[in-house]
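Just below is one structure, and these are the notes that go with it.
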Amino acid sequence: MTQTEVLCNGRWLRLLKRGRWEYAERTNPGGAVIIVAVTDRDCILFVEQWREAIRSKTIEMPAGLVGDVAGGHDESAAIAAERELLEETGYRAARIEYLMEGPSSSGMSNEIIAFVRAYGLVREHAGGGDHTEDIVVHEVPRSEAPRWLLKKMREGYSIDPKLFAGLYFLEHGEALFRE
């Protein structure tokens with residue numbers, strides 16, 4: 001068996017090498033969660049923020065790390081989703097439903113991302129993230145979301161391709177996951 005060499009340790013990531021393969025490993029126990037959230041006015045919640053790794057503003061669905069808060073080593077994706085949704089968008093969900101999980105970039109990282117659907121949204125504050133974040137919340141009518149995302153892409157924003165998976169789940173999720 002090929003030995004694994006630790007090239008670098010960070011707070012949230014570890015860079016490893018096994019054979020000729022280099023990859024990043026998430027050091028938090030729970031991976032990440034993406035929240036597919038729609039308001040009672042049928043608007044999808046998107047967040048805009050600067051991402052240093054790609055040196056660009058991005059459009060994403062609300063998301064965050066699972067288990068990244070003090071004492072949160074056994075935090076579930078649903079609990080992390082509730083916390084991140086409120087922090088980033090100012091909305092509290094009455095119910096969070098797990099949809100699926102899978103690798104974010106299986107050739108580069110061991111990170112597993114869970115998709116959840118948030119229901120019964122109630123606005124509690126403006127959102128914007130914690131003191132380390134500068135998040136802009138966008139409420140986009142569901143029927144306009146694909147065109148809005150393409151417009152943002154033409155304006156120079158980086159668009160997370162997982163958004164389109166989230167849109168697919170909105171249209172087909174109930175039937176897909178109930179089979």
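Just one of the listed residues (V140, V116) is over 17 Å from V33 (Cα atoms), among the β-branched types (V, I, T) and not in a loop (DSSP other than H, G, I, E, B), namely V140. Suppose we filter Y119, Y91 for residues that are closer than 16 Å to D40 by Cβ, of a type in the set (S, T, Y) and more than 16 Å from the chain's Cα centre (by Cα); which single one remains? Checking each option against the conditions leaves just Y119.
For segment 77-104, the tally of residues that are at pLDDT 90 or above and among the polar types (S, T, N, Q) stands at 1.
Name the residues in segment 46-59 that are within 19 Å of R123 (Cα to Cα) and crowded, with 18+ Cβ neighbours inside 10 Å, would you? The answer is F46, V47. Here the strands (runs of 3 or more DSSP E) wholly within segment 36-103 that include at least 2 residues being within 14 Å of D130 (Cα to Cα) are 43-51, 63-65.
Taking the numbered list (1) surrounded by 13 or more Cβ atoms within 10 Å (Cβ to Cβ); (2) modelled with pLDDT under 95 in turn, Q3 passes all entries but (1).
Yes/no per residue for (1) surrounded by 12 or more Cβ atoms within 10 Å (Cβ to Cβ); (2) farther than 30 Å from R55 by Cα; (3) among the aromatic types (F, W, Y); (4) touching a residue at least 40 places away in the same chain (Cβ under 8 Å):
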position: E124; (1), (2), (3), (4): no, yes, no, no
position: H138; (1), (2), (3), (4): yes, no, no, yes
position: Y157; (1), (2), (3), (4): yes, no, yes, yes
position: L163; (1), (2), (3), (4): yes, no, no, yes
position: G173; (1), (2), (3), (4): yes, yes, no, yes
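In segment 24-45, which residue that is at negative phi and of a type in the set (G, A, S) is surrounded by the most Cβ atoms within 10 Å (Cβ to Cβ)? Filtering first and then ranking leaves A37. Residues in segment 1-45 that are of a type in the set (S, T, Y) and farther than 28 Å from L121 by Cα: T2, T4, Y23, T27. Every listed requirement among (1) farther than 15 Å from L86 by Cβ; (2) of a type outside the set (A, V, I, L, M); (3) at pLDDT 90 or above is met by G127 save one, (1).
I'd like the residue in segment 1-58 that is among the polar types (S, T, N, Q) and over 29 Å from I159 (Cβ atoms) and, out of all such residues, is nearest to the chain's Cα centre (by Cα). The qualifying residue nearest to the chain's Cα centre (by Cα) is N9. Annotation note: Cβ proximity below 8 Å between a residue of segment 81-101 that is in contact (Cβ under 8 Å) with a residue 60 or more places away in the chain and a residue that is part of a loop (DSSP other than H, G, I, E, B) (sequence gap 6+ or interchain) occurs for E101/G31.
The values are calculated or read from the model by the stated rules, or taken from the named source; none is laboratory data. Keep in mind that this is a model prediction, so the values were computed, not measured. Note that each Cβ is placed from the backbone with ideal geometry, even for glycine, and that neighbours are counted across all protein chains shown.
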